[in-house]
Amino acid sequence: MKLPEWIRNFRWNWGWAILLVFITFMSVFSYLFYRSFQELRTNEMYVKDYYTEELNYGKVLARKQNADTMHTPVKIAHDKKGLTVKFPAYLPPEKVKGTLVLYRPNAKVLDKTIPLKLDSTRRVFVPADSLAYGRWNVQLNWQVDSTGYYIEKYLWISK
């Protein structure tokens, strides 16, 4: 097979090298620009009324401080079976009221709000098959008598 004449007469020089580097750079940059806009469409705002939530954040800080000063802290752990929230033995299960919020930063449809119902071992269990793989923000908000508590933890659920 005989090559066309313009290919046989082609001479490589610095001008062609600079043009090739520039085209490669612009291609990679354009691809990254396109992908960044794809990610912006998938991330959703968690709170619709952000200003009101910001005003109430002082209450959340007080609840966090209450949780930090507990004698025995609440433990949030996950394994292959699922997510387990274990409350200390000195808390009576019938007095613990609150919610466990499982928040998925990139998919609002996967968010879950679970009311706290402690079993006899003072645990709340969420099975692994109800949790998609990826990053989860676990927000535990509970109250015993008139004292409020709040814990936030970030988890990565993997296969």
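We did not get these values from a lab; they are worked out from the coordinates using the rules stated. Given the structure is predicted, the values throughout are model-derived calculations rather than measurements. Cβ coordinates were reconstructed from backbone atoms using ideal geometry, including for glycine residues, and neighbour counts include every protein chain displayed.
Here are the numbers for this structure:
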| quantity | calculated |
| --- | --- |
| Degrees between helix 57-68 axis and first principal axis of the chain (Cα, 0 to 90, nearest 10) | 70 |
| Segment 96-128-segment 66-88 distance, computed between alpha-carbon centres (Å) | 12 |
| Size descriptor, Kirkwood hydrodynamic radius, that averages inverse alpha-carbon separations across the chain, Å | 20.1 |
| Over 27 Å between alpha carbons, listed pairs LYS48/LYS80; LYS59/LYS80; LYS64/LYS112; LYS48/LYS81; LYS75/LYS95 | LYS48/LYS80; LYS59/LYS80; LYS48/LYS81 |
| Fluctuation leader among LEU19, LEU131, LEU102 - the chain, Gaussian network, Cα springs under 10 angstrom | LEU19 |
| Reach of LYS97 by Cα under 17 Å, taken over aspartates and glutamates that are not fewer than 8 positions away in the same chain | ASP119, ASP145, GLU152 |
| Helix 14-42 axis, angle to the chain major axis (alpha carbon atoms, nearest 10°) | 30 |
| Inter-label distance, nm, simple model (7 Å from Cα along the C-beta direction), ALA62/ALA128 | 4.1 |
| CD proxy at 222 nm, helix term only [per DSSP H run n ≥ 4: -39500 (n - 2.57); per residue of the chain; nearest 500] | -10000 deg cm²/dmol |
